[in-house]
Amino acid sequence: MQLDNATTYFNPYTMSLTTDLERDTKHLTDEDKRKMLSYNIRPLLMDLDPIKEHSGRTSPLKYASSTSLNASENAISFAKGAKATLSKGFQITLREKSFEWSGDVQKNPSGLEQAGKVGIALSDLIRWANGQVDHLTMTGEGTLERSSYALEGLRAFGIDTTRDFSINGTGFHINSQGEIQKKDSVNAQTAYESLSSSSRQYQLTEEVANDATNLLSKYYLPGASDNVMQAWQDAMKETEINPFQWGTSNVLKTLSLEQDLATGGNIDLFGETVESAISGVEKILDRLQNPTGKANEQRNAEERTFYQNFLEKLQGGK
């Protein structure tokens, strides 16, 4: 892939692009890498999901005794262990609480990203069909994107996604926007979207979420001093906002990649001093104030709140 005449590679540890994967990950231990790969295929940091795991995902999926497909009725029943191969070559297998993937991460990193998003969306759709959760998405955002990945998974299992279908006895249809809706509750998504943004807030009590966020902080602030890291952590605690919660949509990842491409290998937007960190935060706030494309106003406002708080802490510590 070519951007500004620089070759870029997909980084499966952060679900973003880089010009040098080895350089960017040399400070991560093998255990760090293992955890980051594991977290990236969970509904933890991907796809606009909240950092706190939805309680419905902690219980086992309800399965049929065997997997069966009725092509004429466009109906499928899923059993534990059902597996399918996706278009980019990775295989997903349904497990007790979610799914697992298999494939060559090094040779086919985009296949990992697809498998992660399809697996999450499909397992959530099965929970929805079973009545274990009330809606396909946990945030009220990204419904169309989540639907597209769930439909991709259903096609891999033989469902015709151009017409109505059923899963484990529950009927679904696809509305004019391409979103999956239950036949008996077409307004469910609209009602859910009225929930407050608090469902996406950073929860320090979630041990795994905290660990995943710390790993991403370690990646994007590799040279940060103790004072800068303390200000970063304090800003998360005080604002209850996780700057990584929007996956590849957050401004830090975007500007880090732009700097990487412009400098030929420097992703560290904040540098090693308080002064350089302030400069990096000011760049982020400027981009949030002057976005280069269409911005989600609510996400934009939450990012501004976090980085303004971070900036104040940095300035106060000089």
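Taken together, the values in this text are just the output of simple stated rules run on the coordinates, not laboratory data. A quick note: this is a predicted structure, and the numbers were derived from the prediction, not measured. Here Cβ is always computed from backbone atoms with ideal geometry, including for glycine, and neighbour counts include all displayed protein chains.
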- For the stretch 239-244, in residue order, the Karplus 3J(HN,Hα) values (coefficients 6.51, -1.76, 1.60; θ = phi - 60°; whole Hz; Gly and Pro = x) are 8, 6, 10, 9, x, 9
- Query: Using modelled backbone amide H atoms (1.01 Å from N, in-plane), which distant-in-sequence or interchain residues come within less than 5 Å of Ala84's amide H?
  - Reply: Ile92
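How about the stretch 223-282: which GluC sites (Glu not before Pro) there lie in a loop by DSSP and see at most 13 other Cβ atoms within 10 Å?
For GluC sites (Glu not before Pro) across the stretch 223-282 that sit outside H, G, I, E and B with at most 13 neighbouring Cβ atoms in 10 Å, the list is empty.
Beyond a 31 Å Cα-Cα separation, which of these cross-linked pairs lie in this structure: Lys80/Lys182; Lys62/Lys237; Lys253/Lys313; Lys80/Lys237; Lys62/Lys183?
Working: Lys80/Lys182 23 Å; Lys62/Lys237 36 Å; Lys253/Lys313 21 Å; Lys80/Lys237 39 Å; Lys62/Lys183 20 Å.
Where the Cα-Cα span goes over 31 Å, the pairs concerned are Lys62/Lys237; Lys80/Lys237.
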- Whole-Hz ³J(HN,Hα) from phi, Karplus 6.51 cos²θ - 1.76 cosθ + 1.60, for the stretch 109-115, glycine and proline x: x, 5, x, 5, 4, 4, 4
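Starting with the highest mean, order 117-125, 300-308 by the number of other Cβ atoms within 10 Å, averaged over the residues of each peptide.
Listed from highest to lowest mean packing, they are 117-125, 300-308.
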- Query: In whole Hz, what ³J(HN,Hα) sequence does the stretch 260-265 give by Karplus (6.51, -1.76, 1.60; θ = phi - 60°), x for Gly and Pro?
  - Reply: 4, 5, 6, 9, x, x
